[in-house]
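Inspection log for the structure reproduced underneath, given as structure tokens.
The values are calculated or read from the model by the stated rules, or taken from the named source; none is laboratory data. Because the structure is a prediction, the values reported are computed rather than measured. Quick reminder, even Gly has a Cβ in these numbers, built from the backbone with ideal geometry, and neighbours come from all protein chains shown.
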Amino acid sequence: MPLHLEAWKEAIESFGRVYDAEFFFSKKGMRDTDIVEQFNRRCGMELHSASVVGAKDHLFEQHVDSVKFARPVVDVVQRHRSVLPMSVVPGGAREIVERELEVIGIAALFDVILTADDPFKPKPSPDLSVEAARKIGVLASLCQVFEDGDIGLQAARSAGMLATDIRLFLQERLDHTKMAFAKCRDDGAAERSMASKLSRGEE
């Protein structure tokens, strides 16, 4: 499991709640406090968003040296250093984002870094993407964006940019697909068991 998702899991469980892997996977790219607020609405909870995010960030920082990066994207960034202007627009807080980029070794390769701390509407709004394009001096329609979540893909495409889903090239996507398949298989087995019991008059 990627470090960000592992940190979410530990943070949610530290507040005595059940972690929903499907939900958090689907919110990648969204501002962290917005994720907690949506989780509250989904589950009928009243978790304090800043407290949960603080716990998640603390857990992430403790293990940041083990962060796994998207090799295909890092390769693109390194090959195009000083060739093309580049920006990075993740959904996390600036302190966390910059630390992660430093660990990966690519923080200095970007001309612009925009985060959830900047005064723009967060993803899936296109505002951050549009501002990043403006800052590097490139028309939005000429920007190639690499994203690992549906929220980020939506934001980039809404800005008129060409967006590539890098999950197609990552083990993470394969692991998530296996997890979803296993869940469907388990649900199917449970339904078949119940149907069998009903047919025998056991329920």
**Prompt:** Tell me, which residue of region 79-99 that is among the aliphatic types (A, V, I, L, M) and assigned to a helix (DSSP H, G or I) is farthest from residue 131 (Cα to Cα)?
**Reply:** 96
**Selection count where residues are under 16 Å from the mean Cα position of the chain (by Cα), in contact (Cβ under 8 Å) with a residue 12 or more places away in the chain and farther than 21 Å from residue 127 by Cα, scope region 13-35** = 6
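Can you tell me how many residues in region 46-63 are part of a loop (DSSP other than H, G, I, E, B) and loosely packed, with under 14 Cβ neighbours inside 10 Å?
Initially, region 46-63 is screened for residues part of a loop (DSSP other than H, G, I, E, B), giving 46-48, 63.
If we keep only those that are loosely packed, with under 14 Cβ neighbours inside 10 Å too, we end up with 46, 48, 63.
Final tally of qualifying residues: 3.
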**Prompt:** Has region 64-78 got at least one residue that is in a loop (DSSP other than H, G, I, E, B) and modelled with pLDDT of 85 or more?
**Reply:** no
**Asked** If you go through region 89-111 one residue at a time, do you hit one that is farther than 25 Å from residue 58 by Cα, of a type in the set (Val, Ile, Thr) and at pLDDT 90 or above?
**Response** no
